[in-house]
Amino acid sequence: MRAIAIAVGNHRRRSKRGVPRADSFVTLLCISSKPVHSATRNEIKSYGKKVPLLTLKEATTTETECKVSEEVSLNESSLIVSSLKSFLVNEGNVSIGRILSYYPEFTRVSESTGKENKDYHNKYMIMYEDSECEVDQSEISKWREFGDRELVHTISPNIYRTISESLRSFDYITAEGKFEGLQAYFAKYIGAFAMYFVGKRLKKRHALKDDVRQSLYDSVAKWMREINSTQPFHGGEHPDLADLELFGILSCFQGTDAFHDLTQNTKLLPWFNRMKAICDSRSKLIEKK
């Protein structure tokens, strides 16, 4: 797991004579990240322990001063994606603070548990300051919401389906999470048994089929039917945010028995491999910078 910090700077462009131009800005995104221990999460304890975590600071520079906004932290993955994308499509001409105001917080009552949870209006939408630039987002938003409301809930009951599967899943989790010694031992055996029972509870809560694998296959099949067979991605020749978010959900359990079975029983793999190739290549570019 990683926590991401982004510093956003708006700097006035200058004309050829060196005079600041009032109508044009250059936007800089300065990104840093840190590894977060998947069990203790001590690295982000001052923000709570929920991941993903994004912290933002915005700096506006003039010839005489540099103003830095208060730090803002975001913990909701769809909100993080939408707010950053909104900032980019508006080319930095709209502040992060203004963009976040388009996603007001509200309290949602869970139908399955009756508990109150924090949520955000418009979190699947990209906000365009210039209405002439706005595009139809209904299909992209629909599938982003599908990922959060349906697909993601099929994962835990599948990777912790049996005690043996749960133990193998924790082999993968402890290896990826850099656990060592006794910490790895306790994380594997205590975590595996605990999550086995959590998986059973989630299966009932989200009304999955008796064979939870079939619920996973059915959800992925819906997504596969949506992708036009003549185009490589939902977005056409290039991925859109629906591609990106569903890839993120599905890649989180890559390496488990459930993922292997999924690739053998659905048409997921060609699209998944195309997405992985693109994301890996972009990651390498960022690392070089």
Taking 91-101, 74-84 and ranking on average Cβ neighbours within 10 Å, highest first, one gets 74-84, 91-101
Relative to the compact-globule estimate 2.2 N^0.38 Å (N residues), the Cα gyration radius of the stretch 185-271 stands at a ratio of 1.28
Expressed per residue, the solvent accessible area of the stretch 132-289 in Å² (1.4 Å probe) is about 58 Å²
For the table 123/209; 115/267; 57/200; 57/142, the rows whose alpha-carbon distance is greater than 32 Å are 115/267; 57/200
Projected onto the charge dipole of the stretch 113-168 (unit charges on the beta-carbon of Lys, Arg, Asp and Glu, signs +1, +1, -1, -1), the Cα from 143, 158, 113 with the largest positive-side position is that of 158
Carbon plus sulfur, as percent of the 1.4 Å-probe accessible area of the stretch 137-190, comes to 59 percent
Here Rg/Rh (Cα, Kirkwood) for the stretch 123-246 equals 1.11
Under the 7 Å Cα-to-Cβ spin-label approximation, residue 237 and residue 149 lie apart by a distance in nanometres of 3.3 nm
Subtracting the Cα-Cα distance of residue 98 and residue 252 from 0.36 nm times their residue separation yields 52.3 nm
In vacuo Debye sum over C-alpha of the stretch 198-237, base-10 log of normalised intensity I(q)/I(0) at q = 0.18, 0.25 Å⁻¹, listed in q order, is -0.59, -0.77
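The values are calculated or read from the model by the stated rules, or taken from the named source; none is laboratory data. It should be emphasised that the depicted structure is a prediction, and the values quoted were computed from it without experimental measurement. Please note: Cβ atoms are built from the backbone with ideal geometry, for glycine as well, and neighbour counts cover all protein chains shown. We work out accessible area using only protein heavy atoms, side chains counted, and drop any ligands, DNA or RNA first. Shrake-Rupley method; radii C 1.70, N 1.55, O 1.52, S 1.80 Å.
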